[in-house]
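Encoded as structure tokens, the structure appears first; notes follow it.
Derivation of every value follows stated rules applied to the coordinates shown; laboratory data play no part. The shown structure was predicted, so the numbers you read here are calculated from the model rather than taken from an experiment. Quick reminder, even Gly has a Cβ in these numbers, built from the backbone with ideal geometry, and neighbours come from all protein chains shown.
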Amino acid sequence: MIMSMTGFGKKETQYEDKQISIEVRSLNSKNADVNLRTPSYLRELDPEIRKRLTQQMHRGKIDVNIYVEFNGETAPSSINKAVVKAYMKQLEAIGTSTQSERMALALRLPDTLSSEKETLEQAEKKVLFELLDAVIQEIQGFKQDEGAALEKDLRLRLDLIESQLEKALKLDTERTVKIEEKLRTALEDLNQEIDANRFEQELIFYLEKFDITEEKVRLQNHLDYFREVMSKDFPNGKKLGFIAQEIGREVNTIGSKANHAELQKIVVQMKDELEKIKEQLLNVL
């Protein structure tokens, strides 16, 4: 099955006096690149959060934001009263000002707030990871829906390449006959006696240089294998990229051996569809 690397998920929950919100955004990338923003007291969970994301999302540029809002009587920081009083006393000695003005200025000075490191409880860890798993499931559903659209487009492009290959098969016999006729006409124009056996040997050797039978067989095999991997393997973006490269090699070889205007046009059309496939594969997980 095909899954996209692009998705977005967001969930919120309440734990005691805290509102916890997790937001995950994923974009395409060759590897797993996790950018994590969490409150300081949750930093000990960073390795486990990264591990869960990479195990379930595999790869992509993954941005994670975890917000914790305190909505009760407790707060993560408290006013350092002794420091504030000392600042206000110094400000009063410096010049004339009201108490409100001194208070406002003192609260903006260093060390007026003291942060008490909060102990992370097991119950809160459990709630947090359950919320993270729920966000990942939401984003996976988003990626599956987009992946279904990608797969539909990829299959269409493969069918178009296959239809062009069928046209090439019909043209191949005509192309061989025309090459042989052209060589015979050129020799007749020379108006010189030639060894018929030697000519036939050289003709076979020459035609073998332009034979595309092996390339046509390999190209069809690559198209079939591409479809098989799309249906069964996961994640399969990188593997499909390698198969697309092999498809490109066979198409290029057919083009180099074509020696026929109509066959060259077919090769150009196949290359055009293949480029569209490669562009889509950049977003396949």
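At-a-glance table
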quantity	calculated
Crossing angle, helix 196-209 versus the chain [Cα axis fit, 0-90 degrees, rounded to tens]	10 degrees
Cα long-axis angle, helix 81-94 against the chain (0 to 90 degrees, to the nearest 10)	70 degrees
Built amide H within the under 5 Å cut-off of Asn80, gap 5+	Leu113, Ser114
Choice from Ala32, Ala93, Ala123 with maximal GNM fluctuation in the chain (Cα, 10 Å cutoff)	Ala93
Unsatisfied cross-links (Cα-Cα over 30 Å) in the set Lys126/Lys152; Lys232/Lys278; Lys11/Lys81; Lys232/Lys265	Lys126/Lys152; Lys11/Lys81; Lys232/Lys265
Computed over the chain: relative contact order in percent, which uses C-alpha pairs under 8 Å that are six or more apart	26 percent
Vicinal HN-Hα couplings computed from phi for the stretch 215-231 (Karplus, 6.51 cos²θ - 1.76 cosθ + 1.60; Hz; Gly/Pro x)	5, 5, 5, 5, 4, 4, 4, 5, 5, 5, 5, 4, 5, 4, 5, 4, 7
Value of Rg to Rh for the chain (Rh from inverse mean 1/r over Cα pairs, i.e. Kirkwood)	1.37
Arg59 long-range amide H proximity, modeled H, under 5 Å	none
Phi to ³J(HN,Hα) by Karplus 6.51 cos²θ - 1.76 cosθ + 1.60 over the stretch 241-250, Hz, x for Gly, Pro	x, 5, 5, 4, 4, 5, 4, x, 4, 5
Derived scalar couplings ³J(HN,Hα) [the stretch 22-27; Karplus, 6.51 cos²θ - 1.76 cosθ + 1.60; whole Hz; x for Gly, Pro]	10, 10, 10, 10, 10, 10
Assigned charges on the beta-carbon of Lys, Arg, Asp, Glu; the chain dipole about Cα centre (debye)	1140 debye
